[in-house]
Each structure stands twice: as C-alpha cells, then as structure tokens.
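The values are calculated or read from the model by the stated rules, or taken from the named source; none is laboratory data. Quick caveat: nothing in here was measured; it's all calculated off a predicted structure. Note: ideal-geometry Cβ built from the backbone for every residue, glycine included; neighbour counts use all protein chains shown. Just so you know, the surface numbers come from the protein's heavy atoms only, side chains and all, with ligands and any DNA or RNA stripped out. Shrake-Rupley method; radii C 1.70, N 1.55, O 1.52, S 1.80 Å.
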Amino acid sequence: MQAVLLGYGTVGKGVEKLVNTVDGLDMKAVFVLPEFEDLPYFSNDGEGLVTDPDVDVVFECLSGTEPSNTLIRKALQAGKHVITSNKATVAPNLEDYVKLAEENGGSIQIEASVAGGIPFLDAVLKLQKLEDLNGFEGIFNGTSNYILDQMQKEGQDLSTALRDAQAMGYAEADPTNDVEGMDVWYKTVITNMLAYNTKNDGLRKPLGISKLTPEDIALARGENKVIRHISRSVQKDGRYASVIAPAFLDRDDYLANVPSNYNAQLIYADSFDKIGLFGQGAGQMATAQAMLANALDTMEGIERPIRLDKNLKQDDSLIQETWLVRSEADLSSIPTARVKEGSYWLIGPAGADVIDRIQELDPQAMIALWR
C-alpha cells in the first residue's frame, strides 16, 4: 500500500519511522507548510497528495483544525483510508467523516486521537459490540496528571509544576488546553460517540486544574486523598452525561495511583463490571504506534467500524456525585450544600448541573468531585 503523511512534527516523524519498518507499506510523500518545503519527498500540495489515485492510506498528524479538516474530507471523498491523531478536528467532525467514508469506500480510524498509545478506543469499540456500555472514566491528559503529581509529591505550586512540565516536554508553550481541560473535552466527545454509537449532542464545559492551590493539596493530604483530573461519563436509558473535573480520590482508588504523565481509564458494563487500561497517553512513538496499528488493521481488512446510528441526549442528572467547593460566597441556597470547614463546602449528591448554580454564585469557585 502507498501512504502519504500530513504534517511533519513530533508525531509525524514517529509515523515515518514506523512506516519504514512495515513490509508492504510505503511512504510516498509528506505534506508540509511552504516554509518546510524540501521537494520532492516533501510537498506543499496537500490536496494533490490525498487525492492521488496511487495513494491508499493518509496519515494525518497536523495541528489545529485547518487545513486538516479540509484534507481529511478530500481524502475520504477520494475513497482513502484516513488515520488521524487530531482530536480537535475529529471531535466536531466525526459524524461527517464516518458518512463520507461509508459513501466513498474508504475508512476513518482515530485510535491515536484519544489516550495516545493506550488501545482505549479499540477496547471501547470491541466491548460495545455485545452490550451497551454503562460508561467510562479516566485520566486522559498526561500534562495535568504530571502537574498534580508534582504539586502533591514535591509540594510545588501549579505555576512551578507547569514550568517543569514544559521543560520536560510534557506541556506546550501555551498550556491552556491542558490545564483548563479542553484537551480532555475533545477526547471525551470522541469517546462518548464511539462508546455509545451516538451522534454528538454536545458536552458541558470542562473544569480544569488552574484553580487548585496549595490549600487544596493540604486538604486532600489531611483527608488521605489524592487529586487527579478525570473525565467521567455515564449512559443509561437512551441518555448520557459527562463531567470533566478535578477529583479528590481515596488513596486506594485505581486512578489515584496513576503517576507522573501517565494516563489510565476504566470502562464499565454489566457483564464484566469494569476493565482498566494504563499507559502513555501521548508522546511521539506511543502515538505513532497507535496510528500504525490502525494501518495494519487496514492492510489486513480488520478495521473496527465506527457506527453513529443512535441519537442519545445529554442528561446531567445521570451523574450523581458529591462536590467539593472552595468559595467565599454563601452557597447555602443550593440544596444539599453544607459547610465542610473554612471556605470549603460539600454539595450533593447532585447532578453535574449543580456546577452552573455554583458558578452563578461564585465564578471563581474551585469545584471538584469528592469521592
């Protein structure tokens, strides 16, 4: 099979390395922006590459949503097998991509867009074939996990831990998507669609880790808890709900024991209760390995199909949790709210929509799950 690569950054270079180890898969050309031009192997003609009749597989590793979205659509319209790691492009466009693949005889594979080198989406697609999944939860961002680990183990404040993460290559120069939870938001949107075979009905905004302080770390330590940033999703009776937030977890909780920049997930269903996965959620070779695993499936004709034939609706009441809030505001008007100590409140059990009420009373409140 002939392949082309879109993007020559960290992940793209990893894909190139691994393609060179696979018999029967040849890299024909790489699309790069004009300032990186080095013809003939590198090309600025992205549309020409993805519509080339000799090309079978398109690896998409670009950053941002354009030109990635346009080139993915062109490739699928030309009947190509598209393999992408670009969560920001996949999340809002997956329904269209699946439809284009079905109409034109190609495929869209997205394993690397969620959880990096962990075969999480592959497990989701396999497990939901037999029965409805009850949900999933996990740590999906290594940058946030590293920062929280450093804050709790080394006593660093968030800004210091963030600088260390950037120095080690775990965080981008602009870490907003990581610390404010947007990276996890994209991944949760994608996983909801695959786990529940549903079209996208949206997702509430994430709660990131930027409001956490040493005061919160001290409270967790005193209560024998560990803070992690998690995504939790639940499906029931044709509805689903998801929340992305910091979580104060008991020390023996599976997710509490995920160190450094690692990721971990749990998948829930009636037949097996829960299954856990753990590993590198990002990085050059881990992500490239996930993309090449998709390519091997294509070569062997064993791709896992993505079907989005349901129309589940969001219902925040499905997630009933106890919420920890640090706020100087009076939250007593919220049902089930009670003072824990000092400026800390406990609220719940309550649905995720309680977040909206808290933020109405105090936009700067620190809000977390209390497990």
Next item on the list: Just give me the residues in segment 46-64 being farther than 15 Å from residue 16 by Cα and either assigned to a strand (DSSP E or B) or at pLDDT below 95 (or both), in sequence order.
Entry: 63, 64
Note to self: I'd like the full set of residues that are surrounded by 22 or more Cβ atoms within 10 Å (Cβ to Cβ) and at pLDDT below 90, limited to segment 163-194.
What the structure shows: 165, 170, 171
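Residues checked against (1) touching an Asp or Glu at 6+ places or on another chain (Cβ under 8 Å); (2) within 21 Å of residue 124 (Cβ to Cβ):
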| residue | (1), (2) |
| --- | --- |
| 248 | yes, no |
| 267 | no, yes |
| 278 | no, yes |
| 299 | no, no |
Margin query: I'd like to know if segment 87-104 contains one or more residues that are touching a Gly at 6+ places or on another chain (Cβ under 6 Å), open to solvent by 40 Å² or more (accessible area, probe 1.4 Å) and either farther than 23 Å from residue 189 by Cβ or at pLDDT below 95 (or both).
Written below: yes
Next item on the list: Answer yes or no as to whether residue 51 is of a type outside the set (Gly, Ala, Ser) and either within 25 Å of the chain's Cα centre (by Cα) or farther than 25 Å from residue 96 by Cα (or both).
Entry: no
Checklist line | strands (runs of 3 or more DSSP E) within segment 253-356 that include 2 or more residues farther than 30 Å from residue 18 by Cα and open to solvent by less than 40 Å² (accessible area, probe 1.4 Å) | finding: 321-326, 344-350
Notebook entry, point to check: Only one of 156, 150, 166 is touching a Pro at 6+ places or on another chain (Cβ under 8 Å) and more than 28 Å from residue 312 (Cα to Cα); which?
Noted result: 166
Next item on the list: Starting from segment 122-139, take each residue that is at positive phi and list its partners that are open to solvent by 30 Å² or more (accessible area, probe 1.4 Å), counting only C-beta distances under 6 angstrom and pairs at least six apart or across chains.
Entry: 135/268
Note to self: Tell me the residue from 184, 189, 243 that is over 23 Å from residue 363 (Cβ atoms) and either not basic (Lys, Arg) or not in a helix (DSSP H, G or I) (or both), please.
What the structure shows: 189
Margin query: I need the full set of residues from segment 204-226 which are modelled with pLDDT of 95 or more and within 19 Å of the chain's Cα centre (by Cα), in order please.
Written below: 205, 206, 207, 208, 209, 210
Check: Taking interchain pairs and intrachain pairs at least six residues apart, which have beta carbon atoms under 7 angstrom, with the first residue in segment 42-53 and closer than 13 Å to residue 73 by Cα and among the hydroxyl-bearing types (Ser, Thr, Tyr) and the second open to solvent by less than 60 Å² (accessible area, probe 1.4 Å) and outside any strand (DSSP E or B)?
Finding: 51/78
Notebook entry, point to check: With respect to residue 40, is the statement that it is modelled with pLDDT under 95 and touching a strand residue (DSSP E or B) at 6+ places or on another chain (Cβ under 9 Å) true?
Noted result: yes
Checklist line | Checking residue 219 against (1) in a strand (DSSP E or B); (2) open to solvent by 10 Å² or more (accessible area, probe 1.4 Å); (3) of a type in the set (A, V, I, L, M, F, W, C), the condition it does not meet | finding: (1)
Notebook entry, point to check: Do we have residue 28 as farther than 30 Å from residue 197 by Cβ, open to solvent by 70 Å² or more (accessible area, probe 1.4 Å), modelled with pLDDT of 95 or more and of a type in the set (D, E, K, R) here?
Noted result: yes
Check: So which residues in segment 105-121 are in contact with a helix residue (DSSP H, G or I) (Cβ under 6 Å, 6 or more places away or on another chain) and either among the polar types (S, T, N, Q) or surrounded by fewer than 24 Cβ atoms within 10 Å (Cβ to Cβ) (or both)?
Finding: 106, 107, 109, 113, 117
